[in-house]
């Protein structure tokens, strides 16, 4: 059972619901250790007094804010006493359509669970009511000495909590990016072609179709180096499309997307109406992403796959008898 990150009361109207907050996601971050080159000796960070150079014990470290001419010291107890109720209450101030909240405001997602069986009915009532209304409750609460703006909604039969950025934390893109288009207007013909490309590449959202290939390649590099080997470098990114070639690039992209979709659709129809032998046929290489082709290459232990282009992966797999060109048995 996961450990709750926060315990408190979710309040809406005159109803109070004791809840627990749990992490909703894991990170694929690979954590490296710092070592001295040529050795296996760990390099550790120490908390050192910058004036004396001496290490400072954890229990002697306090928080301070720079007030200009001096630091103002804040003790942990003072931060808690400043808003004792706020650190244990999640109060709904209103309900909004989640579609009205721009994606830039969203930060992290958590799960909310009832704190005890006796509160399951109250929890279920709020969860179902939010689901039927298709609304999200907007609230604020304090966790670990920081106040959060959050949206609470119903998802897949449970309550989820999304932390939101405050309005003054959102940066103005035109103040951050120098080269945003100002007076440049796209030609109608190019715009229509770009819209056709988007339509041709439209698909159903299925998150399980994607995975962290960079994480896999780092693990592969570690395994190779452990055996005294190495992996080849990945291919370089595509060159930028210039204005002169834009129309040709869009047209070629639309044609390729249409051809891919037509072949995929024909293969699906044949599979649905064909025999059991044909239903086991391998998918067309044009229907596979480069990441999927790379996975097949990894299973077949294709050498040099990390540096191969998509077309080279297809060709290499065709020679192994396991790739998309291989015939079904």
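The values are calculated or read from the model by the stated rules, or taken from the named source; none is laboratory data. Everything numeric in this text was worked out from a predicted model, so none of it was measured. All Cβ positions, even for glycine, are placed from backbone atoms using ideal geometry, and neighbour counts span all protein chains on display.
Okay, here's what the table says:
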read-out	value
Number of positions in segment 211-248 that are loosely packed, with under 10 Cβ neighbours inside 10 Å, at pLDDT 65 or above and under 23 Å from residue 28 (Cβ atoms)	2
Residue 174 being modelled with pLDDT under 95 and under 22 Å from residue 21 (Cβ atoms)	no
Filter result for residue 3 (surrounded by fewer than 10 Cβ atoms within 10 Å (Cβ to Cβ), over 18 Å from residue 88 (Cβ atoms), free of Cβ contacts under 8 Å to residues at least 60 places away in the same chain and under 33 Å from the mean Cα position of the chain (by Cα))	no
Per-region count, segment 111-164, residues in contact with a strand residue (DSSP E or B) (Cβ under 7 Å, 6 or more places away or on another chain) and within 30 Å of residue 64 (Cα to Cα)	11
Restricting segment 311-329 to residues that are at pLDDT below 75 and crowded, with 17+ Cβ neighbours inside 10 Å, the residue that is farthest from residue 200 (Cα to Cα)	323
Output for segment 133-169, where each listed residue is surrounded by fewer than 16 Cβ atoms within 10 Å (Cβ to Cβ) and in contact with a helix residue (DSSP H, G or I) (Cβ under 6 Å, 6 or more places away or on another chain)	145, 165
Pick from segment 61-107, criterion at pLDDT 90 or above and in a helix (DSSP H, G or I), ranking: nearest to residue 126 (Cα to Cα)	100
Filtered residue count, segment 15-56, keeping only those that are under 21 Å from residue 161 (Cβ atoms) and without any contact (Cβ under 8 Å) to a residue 12 or more places away in the chain	3
Exclusive hit being assigned to a strand (DSSP E or B) and either surrounded by 14 or more Cβ atoms within 10 Å (Cβ to Cβ) or in contact with a helix residue (DSSP H, G or I) (Cβ under 7 Å, 6 or more places away or on another chain) (or both), set 130, 112	112
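The rows are residues; the columns are (1) over 30 Å from residue 152 (Cβ atoms); (2) under 33 Å from the mean Cα position of the chain (by Cα); (3) surrounded by 11 or more Cβ atoms within 10 Å (Cβ to Cβ).
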| residue | (1), (2), (3) |
| --- | --- |
| 11 | no, yes, yes |
| 19 | no, yes, yes |
| 33 | yes, yes, no |
| 39 | yes, no, no |
| 64 | yes, no, yes |
